[in-house]
1. Residues of region 88-104 being surrounded by fewer than 16 Cβ atoms within 10 Å (Cβ to Cβ) and either among the acidic types (D, E) or closer than 19 Å to V34 by Cα (or both), which ones?
2. Residues to consider are R57, R39, R16; find the one that is over 21 Å from I116 (Cα atoms) and either in contact with a Pro (Cβ under 7 Å, 6 or more places away or on another chain) or hydroxyl-bearing (S, T, Y) (or both).
3. Which residue pairs have Cβ atoms closer than 6 Å, lie 6 or more positions apart in sequence or on different chains, and pair a first residue in region 107-119 that is over 10 Å from P85 (Cα atoms) with a second residue that is part of a loop (DSSP other than H, G, I, E, B) and open to solvent by 40 Å² or more (accessible area, probe 1.4 Å)?
4. Applying the selection to region 53-106, what residues are polar (S, T, N, Q) and either closer than 13 Å to A40 by Cβ or within 12 Å of the chain's Cα centre (by Cα) (or both)?
5. Under the condition of being farther than 19 Å from L54 by Cα and among the small types (G, A, S), which residue from region 66-87 is surrounded by the most Cβ atoms within 10 Å (Cβ to Cβ)?
6. What are the residues in region 97-130 that are in contact with an Asp or Glu (Cβ under 7 Å, 6 or more places away or on another chain) and part of a loop (DSSP other than H, G, I, E, B), if any?
Amino acid sequence: MVISEADRDELLSHARESAPNECCGYARARDGRVEEVFRAENVLETSQRYGYKLDSRSLFRTHEIEDDGFEVVVYHSHPESPAEPSQTDINLARYPDWRYVIVSPAHEPTVRCWRIADGRVEEEDVAVDR
């Protein structure tokens with residue numbers, strides 16, 4: 001996945017602003033290149049500290065993006081842990097064609113991308129376009 005420095009910084013900013021809760025959002029991509037990032041409301045934010053769930057409007061928009069022929073990237077943060085999928089993340093990854101990005105703002109800020117399908121997890125390289 002290729003992401004601009006500005007979009008990567010936006011993901012990290014969103015994660016920092018939402019800490020200690022997890023943030024979430026989505027992005028539109030084409031040919032593996034992120035074109036635009038959108039913040040979403042984490043509807044779990046008020047009920048629990050860990051976990052994320054995109055608000056219904058944002059989830060609907062991700063399907064519109066896919067219907068329009070774009071690739072969908074969903075992101076969320078791990079405020080205090082590594083940018084690696086938890087078992088919950090793996091269990092909730094319902095769309096095998098989507099990229100799942102995890103942002104970790106703690107210590108060494110990190111943005112990592114994952115493909116998750118049928119319980120299988122594969123990391124995809126993230127290139128930052130300056």
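The values are calculated or read from the model by the stated rules, or taken from the named source; none is laboratory data. This one's a predicted model, so the numbers in the text were calculated from it and none came from an experiment. Here the Cβ is made from the backbone with ideal geometry for all residues, glycine too, and neighbour counts use every protein chain on show. What goes into the accessible areas is simple: the full protein's heavy atoms, side chains included, and nothing from ligands, DNA or RNA. Shrake-Rupley method; radii C 1.70, N 1.55, O 1.52, S 1.80 Å.
1. Answer for region 88-104, where residues must be surrounded by fewer than 16 Cβ atoms within 10 Å (Cβ to Cβ) and either among the acidic types (D, E) or closer than 19 Å to V34 by Cα (or both): Y95, P96, D97.
2. R16
3. Cβ pairs passing all conditions: V111/V126; A117/P96.
4. Within region 53-106, S56, S58, T62, S77, S104 meet the criteria.
5. Going through the qualifying residues, I end up with S81.
6. A106, R130
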